[in-house]
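Peer 1: Structure incoming, see below.
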Amino acid sequence: MTQQVGAPTSADRQSMRFMLLYALASAGGAMAYIPFLTILLPVRVEAMAGGAHISWLAYCAFVGAVAASLAHILFGWLSDRTQNRGGWIAAGLVLSCSMLFAMTTASDLSTLLAVLVAWQISLNMMLAPLAAMAGDFVPDRQKGLLGGLLAFSPAIGAASGALVTIPGLADADSRLAIVAVLVAICVLPVLLFARPRAFPELMEPVQQQRGARDPLPRRLVVRMWFGRLLVQIAEAALFAYLYIWLRSISGTIQDDDAAQVFTVTLFVAVPATLIVGRWADRNNRPILPLVICAAVTAAALGVMATATALPLAMIGYGLFGFASSIFLALHSAQTLRVLPRPQHRGRDLGFFNLTNTVPSLVMPGLTLAMVPVFGFSGLFVLLAVLVVLAALLLATVPRPQ
């Protein structure tokens with residue numbers, strides 16, 4: 001971590017133009033997968049598989065997560081080796097949008113699965129170097145602001161899903177084309193117009209700054225990795241089973257009610273993340289907001305575990321979504337602060353991306369083991385314990401000097 005001396009000047013900061021265009025590109029990345037994986041793919045699989053759609057969706061999720069995990073590491077590493085983030089982003093953008101169009105030609109489930117894997121690979125060809133680009137150009141003193149801007153990504157991704165599914169706007173094939181166009185509109189400006197300032201210190205290995213034998217960067221990375229993994233397991237469980245849990249409390253709730261709570265929570269979290277991120281920058285306290293947000297997330301899970309009426313359940317989930325959204329956005333930015341080898345930044349972020357994909361593989365087994373025996377209350381208590389552990393891991397991270 002770099003040491004701050006005196007008040008930073010504009011020359012010590014990345015331009016706001018780059019910051020905003022990068023946030024737009026990150027939102028474009030979210031647009032590329034949130035509406036497709038949550039709405040468009042399930043609808044297409046259900047139309048093809050009929051009564052077997054649940055098992056086929058699970059198969060698609062598993063194979064897609066594996067492909068995405070490996071591709072993110074591979075293309076992060078390749079963008080490190082070639083030192084050409086923009087070229088890989090552009091290639092991934094073209095190929096991933098092409099794969100969305102190819103989805104419309106898949107006439108059977110096997111072909112759809114093959115195209116899905118190709119799409120995941122090409123999408124992560126874009127996402128991996130895009131994530132590393134922030135580490136190349138955003139100094140530590142602006143990591144909190146970066147986290148706040150990144151909070152727009154899931155909110156805009158969710159909004160794009162609502163947009164493309166407006167009744168009468170487009171048929172199933174046209175929705176994929178709309179998503180591809182929206183992604184291109186968001187990602188291209190950072191490649192064409194951003195012109196970021198260079199900060200040579202961001203490319204200096206932390207070991208050279210602190211001494212090669214200093215184990216602190218490694219300990220930081222491990223704690224940050226496990227902290228995010230534990231919170232993401234809870235996030236994945238709620239993402240998959242929110243509607244079913246709410247229906248178990250009140251049979252009157254509809255799917256659009258759950259979707260509205262999810263979307264409103266994401267948008268409310270955006271300004272809060274910006275405020276918290278700027279506070280972390282000004283006070284040089286990058287980890288403290290993560291600890292607090294993890295603690296609040298655990299408390300929210302406790303509320304959900306005890307909820308027997310719909311209003312309390314909604315309050316608990318709203319608090320959970322609010323705190324966990326702030327945590328994940330700020331964590332993504334602060335991770336760039338602790339990675340020890342900038343020359344391997346893209347590859348290492350690929351390993352951090354496993355905290356996003358592994359929970360999708362762990363969560364179904366965890367849920368099946370807990371819910372039939374202990375109900376959703378038991379599951380939420382277990383998830384709260386995991387998130388408390390995440391808070392404790394991060395609470396022991398030393399404050400930067």
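All of the numbers you see were taken from the coordinates with simple rules; none came from a lab. For clarity, every value in this text was computed on a predicted model and none was experimentally measured. Every residue, glycine among them, receives a Cβ derived from its backbone with ideal geometry; neighbour counts consider all protein chains shown.
Peer 1: Remind me, relative contact order of the stretch 208-395 in percent, using alpha carbon pairs under 8 angstrom and six or more residues apart?
Peer 2: Values: 186 pairs, mean separation 78.1, N = 188.
For the stretch 208-395, the relative contact order is 42 percent.
Peer 1: Most exposed first by the Cβ proxy, i.e. fewest other Cβ within 10 Å, how do M203, M133, M48, M31 rank?
Peer 2: Values: M203 13, M133 25, M48 16, M31 28.
Starting with the residue having the fewest Cβ neighbours, the order is M203, M48, M133, M31.
Peer 1: Label F239 and S55 with points 7 Å out from Cα along Cα→Cβ: what is the distance between them in nm?
Peer 2: Between F239 and S55, the label points sit 2.5 nm apart.
Peer 1: Quick check: residue separation of M48 and V264 times 0.36 nm, minus the Cα distance between them. What number comes out in nm? Please list the in-between numbers first.
Peer 2: Values: separation 216, 0.36 × 216 = 77.76 nm, distance 3.22 nm.
Full-extension gain reported as 74.5 nm.
Peer 1: Let me ask something additional. With labels modelled as points extended 7 Å from the Cα through the Cβ direction, what inter-label distance (nm, one decimal) is found for T306 paired with R282?
Peer 2: Label at T306, label at R282, 3.5 nm between them.
Peer 1: Fewest first, what order do Y33, Y59 take by the number of other Cβ atoms within 10 Å? Don't jump to the answer; show the numbers that get you there.
Peer 2: Numbers: Y33 21, Y59 16.
Placing the least packed residue first, the sequence is Y59, Y33.
Peer 1: Let me ask another. Using the Kirkwood radius over C-alpha pairs as Rh, can you work out the diffusion coefficient of the stretch 13-194 via Stokes-Einstein at 4 °C, viscosity 1.567 mPa s, in µm² per second? Don't jump to the answer; show the numbers that get you there.
Peer 2: On the way: Rh = 16.8 Å.
It comes out at roughly 77 µm²/s.
Peer 1: Below 8 Å between Cα atoms, with a sequence gap of 6+, how large is the relative contact order for the stretch 247-341 in percent?
Peer 2: Working: 69 pairs, mean separation 34.9, N = 95.
Over the stretch 247-341, the number comes to 37 percent.
Peer 1: If you take the beta carbon distance between L70 and T165 as r and set R0 to 41 Å, what does 1/(1 + (r/R0)^6) give as a FRET efficiency, to the nearest 0.05? Present the calculation step by step, with values, prior to reporting the outcome.
Peer 2: Numbers: r = 30 Å, r/R0 = 0.74.
After rounding to 0.05, the efficiency reads 0.85.
Peer 1: Kindly identify the chain as rounded, prolate or oblate by the Cα gyration tensor criterion: order the square roots of the eigenvalues as a ≥ b ≥ c, call it rounded if a/c is under 1.5, otherwise compare a/b with b/c, prolate if a/b is larger, else oblate. Don't jump to the answer; show the numbers that get you there.
Peer 2: Working: a/c = 1.72, a/b = 1.21, b/c = 1.43.
Oblate.
Peer 1: Given the DSSP H assignment, sum -39500 (n - 2.57) over each helix run of at least 4 residues in the chain and divide by its residue total; what's the result at 222 nm in deg cm²/dmol, nearest 500? Working shown, then result.
Peer 2: On the way: 14 runs with 317 residues, N = 401.
Calculated from helices alone, the mean residue ellipticity at 222 nm is -27500 deg cm²/dmol.
Peer 1: Sorted from fewest to most neighbouring beta carbons within 10 Å, what does the list W119, W245 look like?
Peer 2: Details: W119 25, W245 22.
Starting with the residue having the fewest Cβ neighbours, the order is W245, W119.
Peer 1: Also: Quick check: pseudo-label points 7 Å beyond the Cα along Cα→Cβ at S250 and F193, how many nm apart are they?
Peer 2: Going by the 7 Å Cα→Cβ label model, 4.5 nm.
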